[in-house]
Amino acid sequence: MRMRNKTIRHLSLVFALMLFAGILAACNNGSGGSAQGSEQGSSSGNKGEKVTLQFYMLGDAPKDLPVIESEINKLAEADLNVNVKFNYTSWTDWDQKYKLLLSSGQPIDLIFTADWTFYQSYAKKGAFLPLDEILPKAAPALKSHVPEDMWNAVKINDKIYTVPSTWIEYVTEGIAYREDLREKYNLPKPESVETLEAYLEGIKANEPSMTPIADSNANHTHGIRQLTSKLVNTAGQLPYGLDIMYDTPSSITSYWGSAQHLEDLKTYKRWMDKGFFPKNVLNVKDTSNSLLQNGKSAVVLSGENPNKFNADVIKVQSTHPDWKLGYFPYPNAKGFAQPVHPIHNGFAIPRSSKNPEKALAFYEKLVTDKRYNWLTEYGVEGKNFEVQDGYYKMVGDAQTNGFPREGMNGWAWRNPDFMLYDKTFDDVLTMFEELDKIKKPDIFTGFAEDWTPYQAEKAALEQVEKQYLYPLNVGLVEDVEAGLNTFMEKAKQAGLEKIQTEYTKQWQEYLKSAGIQ
Amino acid sequence: MHTRARDSEFTLLFQMIAYSVIVILSIICLLPFLLILSGSFSSNESIVRDGYHLFPTDFSLEGYKMVFKFPTQVLKAYGVTVFTTVVGTALGLFLITMAGFVLQRKDFKYRNTFSFFIYFTTLFGGGLVPWYIMLANYFNLTDTYTVLIFPGLMTPFLIILMKNFIRSAVPEELIESAKIDGANDFRMYCSIVLKLAMPGIATVGLFLALGYWNDWFTSSLFINDPDMYQLQFYLYNTMNTITFIDQMAIGTGITLSQDVPTESTKMAMAIVVTGPILFLYPFVQRYFVKGLTIGAVKG
């Protein structure tokens, strides 16, 4: 009796386990079939070596992606005997996902890279495959399509890890302001700190309901820095409060704590007292652009690159046709403009890729074959877009069209020879032409900072910055000089000097290796 | 006589204080929800112009119209969430009650060893990266419904709760006498444990259902196919895209060809998302209090 009981117990345990495993397996087969099935199908396929490339992009997929994917796969299967699966990380936690994708060893064949996705540090850590040897073999057309100096510019430790985009654009910022109000009250054009202040004063006096500066997170500081100094980087925010001027890149000073810093902070304090910022500026949730578009503010000091400004103009034209917007590009104040660095948009092959040659060959098609390029940038001709007098024209509107212009976020495989522009983009292109005249190469983005030696100090400093510098930036501290002293003291305790010294050392090594004086 | 009057006086005073505290607290809890509700019924212009009000100043249904203008995506996300919630809760309840029943049986020789394995994971976890590698590379669960259900099935805390609950709700003697009457283990599980542990099951079930309904993290990590997004993630992602446009597009120069939802649309989406799970509470609530206290106190 006891014996029997025991066997039954054993049997039922086994049964329960089997049941559980069965449920899991059933779920897996039912829903995961698409991903796994294609892989298995490909390995036993008729031609024997058809592979499915895993392609990773940032952001959200457009609605019509399945259509585009099948069209592309028809072409790619005929040309290269490959299939492509386009995967999208969403904008939610994309940076964490990007990290996991690269660190988990998941087989990925192509992944988007940019300076803001930390291409340089991933390449340094060996997350990507060096392309120097594969390029001439697998993608000769791509190799010659990209100019030699661009290949050189993306090199990390003398190796190419990404295929840069060849379309040159400017993401330099500028001041966007309400031109109609300027004319109405006869104010000066805001093109220097003095005229900007006069303009803001005029707005405050004549339009009391407005908060003159559209601002969130104290972004205006970057704007003012670009208006008044000739820094190496375009965004006006060098890390750790350093000052590196474009003309003398090897001499580095500290902006934080300098006389200039104090003066700037006093300006911000004066502006707060005059009511140019909202009192709760550190908690503003609206975007600067929406504040401008809704007529709550008159000036945007940060984040307005030509492209974004153009979008604002189009938006305002439709909602408030009687308004006019003006724009002053910061490069005009600096005297030179830096186009985006080739690192800015690119595609790399992670080390985990099983088919690097095929991946590169496919990417070559994407860039240099017009059929592939138009399909992935603009969609299906006639269904998603039309070409009218050489301009891109969307079919329907953004709601009904399943694949808007560059809907796949294909910034990296833009090809200037095939590009189609919307008619409204002409103004941006004109601005680009103007900026082309004062063009100087970007010498900052090629630098790959390695913060492992001062990781703890960096984190501590970020806290200090938030706690002591942000309130100063928006003029919330009564005694500016004492406030700045407190901030410097706390920053030094957090290890500012160690960070600045180490950063300076790395920067100078980079200048030497890149041959920049 | 005298004391009794004093007593009832105190009772009355206590009740007055208790009721007013509860009323105030409930209002405080309800206010944010009311703000969202009123925001979802306001026109977007009035929100931008005057901010939120407790009662819509400018009544409009445009938020809801936007949400349901292209309902396929919202409905798909709804479908995924309902599916994972129902299947996950059912499967999870089955596994957790089974585990609880087994672990509290005195005649199960290895119950301490197994319990230790379960408790241990509450103290020491592998962390995010190994967890991701396990699910993505070894189990190959990327872009499957399994990945939305599987990781949440057995929560150590819920197993402990269930084990303690069964121990207190089902007396040892009852199992004993059932055994004498010839019931096998499955019989005991189905006819005795499941029936007596109903409050505990309702509690754990509610926890599981809430967990699945509110889950967005697994979608964020493992799902690339927009058709398989859970509702919460779909909403969260839409909101995040706006933040992204604000913060990242500055220096990157990338252009996003998406429509930014308006304030009222956001609020309407929030209502659409929270709505159904709100209706679950009243039905489970009567078990809820009992289940939680018994499970916790007599543990």
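Numbers below:
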| read-out | value |
| --- | --- |
| Per-region count, segment A:215-255, residues of a type outside the set (D, E, K, R) and outside any loop (DSSP other than H, G, I, E, B) | 18 |
| Residues of segment B:145-158 satisfying the condition of being free of Cβ contacts under 8 Å to residues at least 40 places away in the same chain and away from chain A (no Cβ under 12 Å) | B:156, B:157 |
| Conditions (1) modelled with pLDDT of 85 or more; (2) part of a helix (DSSP H, G or I); (3) more than 20 Å from the chain's Cα centre (by Cα); number of the one not met by residue B:168 | (1) |
| Unique match (being buried (at least 18 other Cβ atoms within 10 Å of the Cβ), at the interface with chain A (Cβ under 9 Å from one of its Cβ atoms), out of contact with any strand residue (DSSP E or B) (no Cβ under 8 Å at 6 or more places or on another chain) and at pLDDT 85 or above) among B:233, B:244 | B:233 |
| Segment A:462-517 - residue that is outside any helix (DSSP H, G or I) and among the charged types (D, E, K, R) and, of those, least open to solvent (accessible area, probe 1.4 Å) | A:479 |
| Matching option when the condition is part of a loop (DSSP other than H, G, I, E, B) and touching a residue at least 24 places away in the same chain (Cβ under 8 Å), among B:122, B:142 | B:142 |
| Those residues of segment A:328-352 which are within 12 Å of chain B (Cβ to nearest Cβ) and either in a strand (DSSP E or B) or among the basic types (Lys, Arg) (or both), in sequence order | none |
| Residue within segment A:80-98 that is open to solvent by 10 Å² or more (accessible area, probe 1.4 Å), farther than 22 Å from residue B:130 by Cα, out of contact with any Leu (no Cβ under 8 Å at 6 or more places or on another chain) and modelled with pLDDT under 95 present | yes |
| Positions within segment B:108-128 being open to solvent by 90 Å² or more (accessible area, probe 1.4 Å) and among the hydroxyl-bearing types (Ser, Thr, Tyr), in sequence order | B:110 |
| Single residue of segment A:138-153 satisfying the filter (among the hydrophobic types (A, V, I, L, M, F, W, C) and modelled with pLDDT of 90 or more) that is surrounded by the most Cβ atoms within 10 Å (Cβ to Cβ) | A:139 |
| All helices (runs of 4 or more DSSP H) inside segment A:133-214 with 2 or more residues being without any contact (Cβ under 8 Å) to a residue 12 or more places away in the chain, farther than 21 Å from residue A:291 by Cα and out of contact with any Gly (no Cβ under 6 Å at 6 or more places or on another chain) | A:140-145, A:148-153, A:193-206 |
| Options A:377, A:406; residue that is in contact with a helix residue (DSSP H, G or I) (Cβ under 8 Å, 6 or more places away or on another chain), within 14 Å of chain B (Cβ to nearest Cβ) and part of a loop (DSSP other than H, G, I, E, B) | A:406 |
| Filtered residues of segment A:193-210 (kept if within 14 Å of chain B (Cβ to nearest Cβ) and either polar (S, T, N, Q) or open to solvent by 20 Å² or more (accessible area, probe 1.4 Å) (or both)) | A:209 |
| Pairs with Cβ under 7 Å, 6+ apart, first in segment A:305-322 and within 10 Å of chain B (Cβ to nearest Cβ) and under 14 Å from residue A:289 (Cα atoms), second part of a helix (DSSP H, G or I) and among the aromatic types (Phe, Trp, Tyr) | A:306/A:432; A:310/A:425 |
| In segment B:60-82, the residues that are touching a residue at least 12 places away in the same chain (Cβ under 8 Å) and either outside any helix (DSSP H, G or I) or acidic (Asp, Glu) (or both) | B:60, B:61, B:62 |
| Residue match in segment B:83-91 (condition: more than 25 Å from residue A:61 (Cα to Cα), modelled with pLDDT under 80 and either more than 13 Å from every other protein chain (Cβ to nearest Cβ) or assigned to a loop (DSSP other than H, G, I, E, B) (or both)) | no |
| In segment B:92-107, the residues that are of a type outside the set (Phe, Trp, Tyr), surrounded by 15 or more Cβ atoms within 10 Å (Cβ to Cβ) and within 13 Å of chain A (Cβ to nearest Cβ) | B:92, B:95, B:96, B:97, B:98, B:99, B:102, B:105 |
| Subset tally (residues that are open to solvent by 30 Å² or more (accessible area, probe 1.4 Å) and away from chain B (no Cβ under 14 Å)) for segment A:53-66 | 0 |
| Qualifying residue in segment A:437-447 (condition: in contact with a Lys or Arg (Cβ under 8 Å, 6 or more places away or on another chain) and assigned to a helix (DSSP H, G or I)) | no |
| Residue in segment B:177-196 that is within 14 Å of another protein chain (Cβ to nearest Cβ), in a helix (DSSP H, G or I) and either within 30 Å of residue A:85 (Cα to Cα) or in contact with a Ser or Thr (Cβ under 6 Å, 6 or more places away or on another chain) (or both) present | no |
| Residue B:143 charged (D, E, K, R), open to solvent by 30 Å² or more (accessible area, probe 1.4 Å) and either over 25 Å from the mean Cα position of the chain (by Cα) or modelled with pLDDT of 85 or more (or both) | no |
| Unmet criterion (only one of (1) at pLDDT 85 or above; (2) loosely packed, with under 14 Cβ neighbours inside 10 Å) for residue B:131 | (2) |
| Selection from segment A:383-395 of residues that are within 13 Å of chain B (Cβ to nearest Cβ) and assigned to a loop (DSSP other than H, G, I, E, B) | A:384 |
| Residue among A:99, A:85, A:74 that alone is farther than 21 Å from residue A:451 by Cα and either free of Cβ contacts under 8 Å to residues at least 24 places away in the same chain or part of a helix (DSSP H, G or I) (or both) | A:74 |
| Test: residue in segment A:260-280 that is within 14 Å of chain B (Cβ to nearest Cβ) and over 23 Å from the mean Cα position of the chain (by Cα) | yes |
| Total residues in segment B:172-189, condition farther than 16 Å from residue B:97 by Cβ and open to solvent by less than 60 Å² (accessible area, probe 1.4 Å) | 3 |
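The values are calculated or read from the model by the stated rules, or taken from the named source; none is laboratory data. Please read these numbers as outputs of a predicted model, since none were measured by experiment. With ideal geometry, Cβ positions are generated from the backbone for all residues, glycine too; neighbour counts draw on all protein chains shown. Quick note on the areas: whole protein, heavy atoms, side chains included, nothing else; ligands and nucleic acids left out. Shrake-Rupley method; radii C 1.70, N 1.55, O 1.52, S 1.80 Å.
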